Amino acid sequence: MAEYVKVAKAADIEPGHAQMVEVSGKRIAVFNVDGRFFAIDNTCTHRGGPLAEGELSGFEVTCPWHGAKFDVRTGNVVGPPARQAVARYNARITGPDVEVEV
């Protein structure tokens, strides 16, 4: 059964930035897009690049290794060379905390 787990303080992830968190053995990238939080797998499906270190533009993150692009809302690929989506996790704010459902 999935449950929400506290992963960060909302104030620690500035708008337009991300933070990698580890939850239940999963590396998850948590993004702040204008005060809305989204969570996807941190590992690019192309060659394993760290998505939390990528450039965020609107709802798209660009992998820092080879330029694959993903929609942080869905995990879907929006630009090559990746062909497979990354997993997406529900994220929410509870008080000052960001929680992710795993």
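For this structure, a couple of remarks:
- Residues whose placed amide H lies under 5 Å from that of Val98, excluding near-sequence neighbours: Val7, Ala8, Lys9, Ala10
- Between amide H atoms placed 1.01 Å from N, distances below 5 Å from Tyr89 occur with Ala39, Ile40, all of them 5 or more places distant or on a separate chain.
- In order along segment 57-69, the phi-based Karplus estimate (6.51 cos²θ - 1.76 cosθ + 1.60, θ = phi - 60°) of 3J(HN,Hα) comes to 10, x, 9, 10, 10, 9, 4, x, 8, 10, x, 4, 10 Hz; Gly and Pro are listed as x.
- Cross-link partners of Lys69 among lysines (Cα-Cα below 22 Å; sequence separation of 8 or more within a chain): Lys26
- Simple Cβ-charge dipole of the chain, Lys/Arg +1 and Asp/Glu -1, about Cα centre, in debye nearest 20: 300
- The trypsin sites (Lys or Arg not before Pro) of segment 1-58 meeting both criteria, a DSSP state outside H, G, I, E and B (loop) and at most 13 other C-beta atoms within 10 angstrom of the site's C-beta, are Arg47.
- The alpha carbon gyration tensor of segment 1-80 gives principal lengths a ≥ b ≥ c with a/c of 1.5 or higher and a/b no greater than b/c, which makes the shape oblate.
Read-outs throughout are calculated quantities, based only on the coordinates presented, and are distinct from any laboratory measurement. In this text the structure is predicted, and so the values were computed from the model without any measurement. Glycine also receives a Cβ, built like all others from the backbone with ideal geometry; neighbour counts cover every protein chain displayed.
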